[in-house]
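For reference, the structure discussed in these notes is given below.
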Amino acid sequence: MSQPDPIAKAMHVAVEGGVFPGAVLHVRLRGQLAFHQAFGSAALIPAKEPARPETIYDLASLTKPLATTTALLCLVQDGRLSVDDPLQQHVEELKGCAIGEATIYHLLTHSSGLPAWRPLYERITEEDRRTPGLLGSPAAMKLALALIKQESLATSPGARSLYSDLGFMLLGMLVERVSGSTLAAYCQRSIFEPMGAALFFLGPGGTGPGRTALPDATLVAPTEEDPWRKRLLRAEVHDENAYALGGVAGHAGLFGTAAAVSAVVGQWLDSCVGRSRALPSDLVKRFTARQEGIAGSSWALGWDTPSAPSSSGRRFSSASFGHLGYAGTSIWVDPTKELEVVLLSNRVHPTRRNDAIKQFRPLIHDLIYEEFIH
């Protein structure tokens, strides 16, 4: 293995080119830490602050595999549900509607027919004006459920793939119904604490039931200067719908360091290759394998797999699995080489009008592969 200087150089060039203010790159190879460095700034406004390996990032849609999908795998392992269960079996409000007949499998593979996104937060804040205190409360989750229930399905369940935040909101609610606790509390108790992962959800005020209070918000990299909330977002979730639901949702809301992300991802990889029994190997292999038979889909169960062109670059094998986060985060894992790459950034700081990371992601993954794999 050559010295990883080319990787550091590429990261510095990305910072200088405005791909992101800063980032933390964490690479694990064959179960051992191979690279862990911070680059650039965690914050640009109101003042520059350096990124550090310990910087906490808004993980955005990495919440889907790290929290919601892992929670569902654990509940399947415990015999409390099956991925073939229809949603209405566990969420009684969905009985008798089209989405209620879709299965957990359909939602995990983004083939339920639900649309990608809806601005639920607008309706929730509108209702909050009439009934102050609704925003971020359990009643907001009930309203979101009612609004999703009214959605027409674009296709019949299982027909084709359409990435859907709404589907993972429902899966987060389902975890709560089956586990009998909040998504945040279940994930902390059953996943993050046993795996030694300092991952957590933050509500609008930074504290609350099932959430973690931060002693110092400056540990968290800020995201956007948000035109809706009219403030710079720091230690509160960037995703508007997750914010309106109290900061804890099945599709977004998770925060953590690169090392904390790796602690969970590493258990998926280690269980996949038989190095750990923290997660059942047979279920891990099922959840991370591309599901054939769904038109236009590269999805496994809660995880994505490489498709040309892929953010994982050209080198990761077809057995690889990963996920992206809107705020500038990503995970890619190649079990054939036992290679795990976690890249955390806040590319939406100070504005989301910056998509240069789309071109950078495949380049950095190709470079990491070239430097560490022979």
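Observations, loosely collected:
Here is a yes/no grid of residues against (1) outside any loop (DSSP other than H, G, I, E, B); (2) at pLDDT 95 or above; (3) of a type in the set (Gly, Ala, Ser):
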| residue | (1), (2), (3) |
| --- | --- |
| PHE168 | yes, yes, no |
| MET173 | yes, yes, no |
| ARG189 | yes, yes, no |
| GLY205 | no, no, yes |
| PRO209 | no, no, no |
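- So LEU153, is it touching a helix residue (DSSP H, G or I) at 6+ places or on another chain (Cβ under 8 Å), within 21 Å of TRP117 (Cα to Cα) and assigned to a helix (DSSP H, G or I): no
- Whenever a residue of the stretch 16-45 is surrounded by fewer than 17 Cβ atoms within 10 Å (Cβ to Cβ), its partners that are among the basic types (Lys, Arg), lying with C-beta atoms within less than 8 angstrom and at least six residues away or across chains, give the pairs GLY31/ARG275.
- Being modelled with pLDDT of 95 or more, in contact with a helix residue (DSSP H, G or I) (Cβ under 8 Å, 6 or more places away or on another chain) and not basic (Lys, Arg) is not true of GLU126.
- Considering only residues in the stretch 126-142 that are out of contact with any Leu (no Cβ under 6 Å at 6 or more places or on another chain) and in a helix (DSSP H, G or I), the one that is farthest from HIS238 (Cα to Cα) turns out to be ARG130.
- Single residue of the stretch 1-15 satisfying the filter (out of contact with any strand residue (DSSP E or B) (no Cβ under 7 Å at 6 or more places or on another chain) and either among the basic types (Lys, Arg) or modelled with pLDDT of 95 or more (or both)) that is surrounded by the most Cβ atoms within 10 Å (Cβ to Cβ): ALA14
- Filtered by the rule that a residue be in contact with a strand residue (DSSP E or B) (Cβ under 6 Å, 6 or more places away or on another chain) and among the acidic types (Asp, Glu), the stretch 86-107 gives a lone residue, GLU101.
- GLY328 vs. criteria more than 29 Å from ASP78 (Cα to Cα) and in contact (Cβ under 8 Å) with a residue 12 or more places away in the chain: yes
- Here the stretch 279-288 is the region considered, the condition is being touching a residue at least 24 places away in the same chain (Cβ under 8 Å) and under 20 Å from the mean Cα position of the chain (by Cα), and the residue that is farthest from ALA159 (Cα to Cα) is LEU279.
Matching residues to (1) assigned to a helix (DSSP H, G or I); (2) in contact with a strand residue (DSSP E or B) (Cβ under 7 Å, 6 or more places away or on another chain); (3) surrounded by 22 or more Cβ atoms within 10 Å (Cβ to Cβ); (4) at pLDDT below 95:
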| residue | (1), (2), (3), (4) |
| --- | --- |
| GLY274 | no, no, no, yes |
| ARG286 | yes, no, no, no |
| GLU292 | no, no, no, yes |
| SER317 | no, yes, no, no |
| HIS323 | no, yes, yes, no |
| VAL333 | no, yes, yes, no |
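- Which numbered condition PRO53 misses (of (1) within 18 Å of ASN346 (Cα to Cα); (2) under 20 Å from the mean Cα position of the chain (by Cα); (3) surrounded by 17 or more Cβ atoms within 10 Å (Cβ to Cβ)): (3)
- Hits in the stretch 118-159 (condition: touching a Ser or Thr at 6+ places or on another chain (Cβ under 9 Å), under 29 Å from TRP303 (Cβ atoms) and surrounded by 15 or more Cβ atoms within 10 Å (Cβ to Cβ)): LEU153, PRO157, GLY158, ALA159
- SER345 being farther than 24 Å from SER41 by Cα and either out of contact with any helix residue (DSSP H, G or I) (no Cβ under 8 Å at 6 or more places or on another chain) or crowded, with 24+ Cβ neighbours inside 10 Å (or both): no
- All helices (runs of 4 or more DSSP H) inside the stretch 1-115 with 2 or more residues being touching a Leu at 6+ places or on another chain (Cβ under 9 Å) and of a type in the set (Val, Ile, Thr): 70-77
- Beta carbons closer than 6 Å, at least 6 apart along the sequence or on distinct chains, pair a first residue in the stretch 85-108 that is more than 14 Å from ILE148 (Cβ to Cβ) with a second that is aliphatic (A, V, I, L, M) and buried (at least 18 other Cβ atoms within 10 Å of the Cβ) for ASP85/ILE104; HIS90/LEU174; HIS90/VAL178; ILE104/VAL83; TYR105/VAL83; LEU108/LEU301.
- Complete set of residues in the stretch 211-222 that are part of a loop (DSSP other than H, G, I, E, B), in contact with a strand residue (DSSP E or B) (Cβ under 9 Å, 6 or more places away or on another chain) and modelled with pLDDT under 95: ARG211, THR212, LEU214
- Residues of the stretch 223-264 satisfying the condition of being of a type outside the set (A, V, I, L, M, F, W, C), out of contact with any helix residue (DSSP H, G or I) (no Cβ under 9 Å at 6 or more places or on another chain) and not in a loop (DSSP other than H, G, I, E, B): GLU225, ARG231, SER262
The values are calculated or read from the model by the stated rules, or taken from the named source; none is laboratory data. Worth saying up front: this structure is predicted, and the values here are computed from it rather than measured. Here the Cβ is made from the backbone with ideal geometry for all residues, glycine too, and neighbour counts use every protein chain on show.
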